[in-house]
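*Asks:* Input: one structure, supplied below.
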Amino acid sequence: MYDVLIVGAGPAGLSAARVLKRAGVERIAVLERTREPGGLPRYCGHPGFGMLDFGRLWKGPRYARALTEAAGVPILTDTTVTGIEPGGVAHVSTERGLETWCARAILLATGTRETPRGPRLVSGTRPWGVTTTGAFQEMVMKGIRPFQNPVIIGSELVSFSALMTARHGQVNPVAMIEENAHITAQRPADVLAAMVYGTPILLSTRLVSILGGERVEGVEIEQDGEQRTLACDGVVFTGKFVPDAILARTSGLSLDRGTRGPAIDSTFRTQDLQVFAAGNVLRAVEHSGQAALEGRAAARMILRALEGKLPDLGSAVPVACGKGVASVWPQRLYAAPRGRIVLHARMEMLQRGVLRLSDEHGRTVARRRVSVLPERRVELAVSAAMLVGVSTLRLDVEK
Amino acid sequence: MTETMADDSLYDIAIIGGGVVGCAIFRACVLAGARTVLLEKGGDLLEGASKANSAILHTGFDATPDTLEAACVRRGYALYREICADMNLSVVKTGAMVVAWTDEDLAQFPKIIEKAARNGVTVRLLDAREAREREPALAHDVRGAVLVEGEHLIDPWSAPLAYARQALLNGGTLLRRALVEGGMRQDGVWHLDIAGKPVVQARTVINCAGNYGDLVEAIARPSPFQITPRKGQFVVFDKTAHDLFRTIILPVPTALTKGVVVTRTVFGNVLVGPTAEPQQAREFPTVDHDNLEALRKAAFRIIPALREHDVTTTYAGLRPATQFSDYQIEALKTEGWITVGGIRSTGLTGALGIAEHVVTLYRDNFADPAPLKDVALPQMPNLVEERPRPWMQPERGPIACHCERVTEKEIEIALKDEVLPAGTLGGLRRRTRCMMGRCQGFYCTRRVMELAEAHLPGLVTPIGEDQRGDGRDV
């Protein structure tokens, strides 16, 4: 019997472990299905990690080590949770075979992954050399490369991470391709880096199809209505992250349509009162530091849950996505005499106007001005006292 | 005998083409007592038409009656069910429903039922209510269905690999990367020229070259058939969709609509397809966005709840269609040649029946060896979701592919196997399911590459030590 089982030893899970351990919770285990803890930052061999939670600027692997050391609890690697049942029951596959473990609380911190070629329904042949940033970075970190001159599809933060990895891996991308007229990543420094590396960024350019027999030989692209062939020996599909929420889904925890992660309340609880979720499994995708901070916040809620101090699940006020809002989390909030809840949301398209949270009578509960691209997250502070007596909430963007 | 270099020895039979049909014939010839070599141009078996199909064991209820295809499918169906358990191959009974959505569809039912009767297959008519009761996930405007209880799902790769493996365990020879470039017959012996390899000599040649069947046939005679590969694209849905339905959902074949099949796979996914697009190119079929999107929408039309499920992957296969609708199987007695061509789309089911038929042709026309005694049986690893998999066992070792839960041991066994090791990355994937899951290699590519590097050279190249990202601080 455990107090807390944490599924996933990435930034969110390890950060949660640290808080729980420091608070004196004794029986904690972090279950990690791969062979080493640290999560995705392990494979990002470039700086940009640790700022929010350690106040340092580290490379990914150093950050992963720091998270692991700071956790200070047993991390069981090669251990896969295959299902969760009500009552704090986890089905676990270990070296010893299939086992059933119990815990007072379970935290899902299973993270996120990129969308590979398949679900994008990309045209062309299916040669070797088509991969995602994650797989590419992991290979480079281990000293191997699957290609030398790939195209990079996408211009998210991770796309530039792929570009930096390419440099370490003696890989020279021929181009970065972005469908939109603007770059998705928020930091101009990355664009600068791309320019320094000499990789052309082709905006308003669509990948039409992948060419090649056994291996990638090129891609057809379309820019300004004109199609042309770009010779390359690999394709890196970057970003379009999705929550890796399969454990939640197959365990019967409903996923939110907007976030595609498990729906949670403002205490990080899923619809199962013993199961919590934090980090990028909630929605894709935030920087590792944000996931880590959420892990800590979720751990503080778990501490309160262990003391029996969380409100009844039934008393939560649900928040629905209204006009112009693609996703919102947490999806259920609790009224309280004081305190503040931060709502996170993403928009459906470029939005300029007022983001307004209203109750079932149309009364404004919280509002703020927004001017934001769909890829960006918006925060909205909500006073918990404003929720007293409210039965449903709706978030809209208004002109 | 395992895979060896060709020697100067004379084979009774050389089979050209290691697809599902070639593998089944390989097995049948070896078990019949013939000294047999299988020649495959690809780096592994099943690299051509047999790479991509809908993985169904057909009853043949809708075959054209009194054709060779109908006979071979019927026999292949029976033989597979007879031998599968002995080789640890699976067969998952799901049944199939030919589903009607319109009056036109319903009007076809009498013909379908009559045809099934002529093929000796029992079917049952379901009204709209019964159809919905059997598969509640079907769209509610379903009008009725013809239920074919006997349709099954099988593992489309483990089965032919088992056939080839049994042939190898019992003395057959396999040459991979053995492209037959030509041949001549002298004193009753074929001398086959193999690109970059010694000549292979055999008394009888069996042409099972699939999409290259007419080109290979030209070695013996002007080919009486021309192959026009017919492309079929497929969309694979995530395993989360697996429990939506069980029965294979077949379209009513009409002149107007092509219709698509929606089926589970034994691996736990849902498969939608195929399209049917004639083309000239004989390999590397393409998928295209618009057709894939159309397949996806067609699937939603049939099982609306599929909308809630993600696509895992897409693929395309090429079926060796000819100008004839029936199989082109023939023994050329004076040429020492057996033609096995135009096995369009029923090859997976028909293979064992075709093989039996071919051995009969061989015995009738060429030689009548004594069948093998004390036949060795291969035991295939189980990849089927409904039965226990290695990751569930104690001392499983690390899991390499988490989506499909493939252990490192499974991958190593497939790579280091002494009888029939994976010869390509595709071959490794077909043997283990690694990289075939919802992340499509996001999590496992690196580990699979590390394990495969020594066995399948050329997939990755090393990066110089000095350039390695080592994670040191800035």
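*Asks:* How far apart, in nm, are the 7 Å Cα→Cβ label points at B:Glu453 and B:Asp187?
*Replies:* Simple spin-label model gives 5.2 nm for this pair.
*Asks:* Any chance you could run the full-extension gain for A:Leu350 through A:Glu69? It's 0.36 nm times the residue separation minus the Cα-Cα distance, nm to one decimal.
*Replies:* Full-extension gain reported as 97.0 nm.
*Asks:* Given 5 Å bins starting at zero, what is the percent of C-alpha pairs of segment A:4-114 in each, up to the one with the largest pair distance?
*Replies:* 2, 13, 22, 23, 19, 11, 6, 3, 0
*Asks:* Could you check what % of the DSSP bridge pairs in the protein assembly as shown are antiparallel, to the nearest 5? Can you show the working numbers first?
*Replies:* Values: 107 of 160 bridges.
In the protein assembly as shown, DSSP labels about 65 percent of beta bridges as antiparallel.
*Asks:* In whole Å, how far is the Cα centre of segment A:204-232 from that of segment A:382-399?
*Replies:* 47 Å
*Asks:* Note down the relative contact order for chain B as a percent, whole number, built from C-alpha pairs under 8 angstrom at least six residues apart.
*Replies:* Relative contact order of chain B: 22 percent.
*Asks:* Kindly work out what percent of the DSSP beta bridges joining two residues of segment A:118-237 are antiparallel, to the nearest 5.
*Replies:* Values: 13 of 28 bridges.
Close to 45 percent.
*Asks:* Shifting gears a bit: Bin all alpha-carbon pair distances of segment B:318-408 at 5 Å intervals from 0 and give each bin's fraction as a whole percent.
*Replies:* 2, 10, 13, 13, 11, 11, 11, 10, 9, 7, 3, 0
*Asks:* Given q = 0.06, 0.12 Å⁻¹, what are the Debye log10 I(q)/I(0) values for chain A, with equal point scatterers placed on the Cα positions and solvent ignored?
*Replies:* Log10 I(q)/I(0), no solvent term: -0.25, -0.99.
*Asks:* So, one more: Over segment B:325-474, what relative contact order in percent results from Cα pairs under 8 Å that are six or more residues apart? Spell out each step's value before the answer.
*Replies:* Details: 126 pairs, mean separation 19.4, N = 150.
It comes to 13 percent, rounded to a whole number.
*Asks:* Related question: Which three lengths, in whole Å and largest first, does chain B cover when its Cα atoms are put on their principal axes?
*Replies:* Taking the Cα atoms of chain B, the three principal extents are 74, 66, 43 Å.
*Asks:* B:Lys93: which aspartates and glutamates have alpha carbons under 20 Å from its alpha carbon, excluding same-chain residues fewer than 8 sequence positions away?
*Replies:* Those aspartates and glutamates meeting the cut-off are B:Asp62, B:Glu82, B:Glu130, B:Glu133, B:Glu135, B:Glu149, B:Glu151, B:Asp155, B:Asp243, B:Glu385, B:Glu386.
*Asks:* Using alpha carbon centroids, what distance separates segment A:38-114 and segment A:349-365, in Å?
*Replies:* Cα centroid of segment A:38-114 versus Cα centroid of segment A:349-365: 36 Å apart.
*Asks:* Same structure, new question: Which of the GluC sites (Glu not before Pro) found in segment B:404-458 are in a DSSP loop and have at most 10 neighbouring Cβ atoms, other than their own, within 10 Å?
*Replies:* B:Glu418
*Asks:* Below 29 Å, Cα to Cα, which lysines can A:Lys21 reach? Residues fewer than 8 away in the same chain don't count.
*Replies:* A:Lys59, A:Lys309
*Asks:* Just the number, please: Stokes-Einstein D of segment A:118-237 in µm²/s, Kirkwood Rh from C-alpha pairs, 20 °C, 1.002 mPa s.
*Replies:* 151 µm²/s
*Asks:* Nearest 0.05, what FRET efficiency do A:Asn172 and A:Glu375 give at R0 = 30 Å with Cβ-Cβ as r? Walk me through the intermediate numbers first.
*Replies:* Numbers: r = 27 Å, r/R0 = 0.90.
The computed FRET efficiency comes out at 0.65.
*Asks:* Let me ask something additional. Just checking the output field for A:200-209: average partner chain Cβ neighbours within 10 Å of each residue's Cβ?
*Replies:* Going residue by residue through A:200-209 and averaging, the value is 1.
*Asks:* Any idea how far apart A:Cys102 and B:Gln323 come out in nm if each label point goes 7 Å out from Cα toward Cβ?
*Replies:* So the two model labels end up 7.5 nm from each other.
*Asks:* Convex hull volume of the Cα atoms in segment B:141-263, per residue, in Å³?
*Replies:* 215 Å³
*Asks:* Over the Cα atoms of segment A:315-399, what radius of gyration and what Dmax do you get, in Å?
*Replies:* Calculated on Cα positions, Rg and Dmax stand at 11.9, 36 Å.
*Asks:* Shifting gears a bit: Can you work out D for segment B:199-285 in µm² s⁻¹ from Stokes-Einstein, where Rh is the Kirkwood radius over C-alpha pairs, the temperature is 10 °C and the viscosity is 1.306 mPa s?
*Replies:* After rounding, the answer is 98 µm²/s.
*Asks:* Mean projection of the alpha-carbon convex hull of segment B:390-452 over all orientations, in nm²?
*Replies:* Result: 4.0 nm².
*Asks:* For segment A:237-387, how big is Rg over Rh, using alpha carbon atoms and the Kirkwood form of Rh?
*Replies:* 0.95
*Asks:* Here's a follow-up. Express in % the proportion of alpha carbon pairs of segment A:183-295 at distances exceeding 22 Å.
*Replies:* When every Cα pair of segment A:183-295 is considered, 55 percent fall beyond 22 Å.
*Asks:* Can you give the average number of partner chain beta-carbon atoms within 10 Å of each beta-carbon in peptide B:283-291, as a whole number?
*Replies:* 5
*Asks:* Which FRET efficiency value, to the nearest 0.05, do you get for B:Ala78 and A:Gln223 by plugging their Cβ-Cβ distance into 1/(1 + (r/R0)^6) with R0 = 45 Å?
*Replies:* Result of the calculation: an efficiency of 0.20.
*Asks:* OK, next. Can you give the log10 of the normalised intensity I(q)/I(0) at q = 0.08 Å⁻¹, computed with Debye over equal Cα scatterers of the protein assembly as shown?
*Replies:* Each listed q maps to, in turn, -0.78.
*Asks:* Say each of A:Arg56 and B:Arg118 gets a label point 7 Å from the Cα, pointing the same way as Cα to Cβ; how far apart are those two points in nm?
*Replies:* Distance between the two pseudo-spin positions: 7.9 nm.
*Asks:* Then there is this: Considering Cα pairs under 8 angstrom that are at least six residues apart, work out the relative contact order of chain A and quote it in whole percent.
*Replies:* It comes to 15 percent, rounded to a whole number.
*Asks:* Hey, quick one: spin label on A:Ser383, modelled 7 Å out along Cα-Cβ, who in segment A:346-367 has an amide N within reach, i.e. under 14 Å?
*Replies:* Label zone hits: A:364-367.
*Asks:* Regarding segment A:254-316, what's the average projected area of the Cα-atom convex hull, expressed in nm²?
*Replies:* Projected over every direction and averaged, the Cα hull of segment A:254-316 covers 4.1 nm².
*Asks:* Here's something else I'd like to know. Apply 1/(1 + (r/R0)^6) to the Cβ-Cβ distance of A:Ser254 and B:Leu372, taking R0 = 56 Å, and write down the FRET efficiency to the nearest 0.05.
*Replies:* It comes out at approximately 0.45.
*Asks:* Quick check: residue separation of B:Met392 and B:Glu412 times 0.36 nm, minus the Cα distance between them. What number comes out in nm?
*Replies:* Full extension from B:Met392 to B:Glu412 adds 5.5 nm.
*Asks:* Given a cut-off of 18 Å, name the pairs among B:Lys41/B:Lys197; B:Lys115/B:Lys231; A:Lys323/A:Lys399; B:Lys51/B:Lys231 whose C-alpha atoms lie farther apart than that in the structure shown.
*Replies:* Beyond 18 Å: B:Lys115/B:Lys231.
*Asks:* How big is the convex hull of the Cα atoms of segment B:40-81, per residue, in Å³?
*Replies:* That works out to 105 Å³ per residue.
*Asks:* Between segment B:13-30 and segment B:266-333, what is the separation of their alpha carbon centroids in Å?
*Replies:* A separation of 25 Å, based on Cα centres.
*Asks:* Projected area of segment B:93-171, taken from the Cα convex hull and averaged over every viewing direction, in nm²? Present the calculation step by step, with values, prior to reporting the outcome.
*Replies:* On the way: hull surface 28.6 nm².
Result: a mean projected hull area of 7.1 nm².
*Asks:* Using a simple charge model, +1 on the beta-carbon of Lys and Arg, -1 on the beta-carbon of Asp and Glu, nothing else, what dipole does the protein assembly as shown show about its Cα centre, in debye to the nearest 20?
*Replies:* In debye, rounded to 20, the protein assembly as shown gives about 2760.
*Asks:* Still on this structure: Taking a ≥ b ≥ c as the square roots of the Cα gyration tensor eigenvalues, with a/c under 1.5 meaning rounded and otherwise prolate when a/b beats b/c, else oblate, which class fits segment B:1-131?
*Replies:* Cα axes put segment B:1-131 in the prolate bin.
*Asks:* Let's see if you can work this out: charge +1 on each Lys and Arg Cβ, -1 on each Asp and Glu Cβ, no other charges. What is the dipole magnitude of segment A:118-237 about its Cα centre, in debye to the nearest 20?
*Replies:* Once rounded to the nearest 20, the dipole reads 360 debye.
Values quoted throughout were computed directly from the atomic coordinates according to the rules given, and no laboratory measurement underlies them. Keep in mind that what you see is a predicted model, and the values were worked out from it rather than measured. Because the Cβ atoms are built from the backbone with ideal geometry, glycine has one as well, and the counts that use them run over all protein chains shown.
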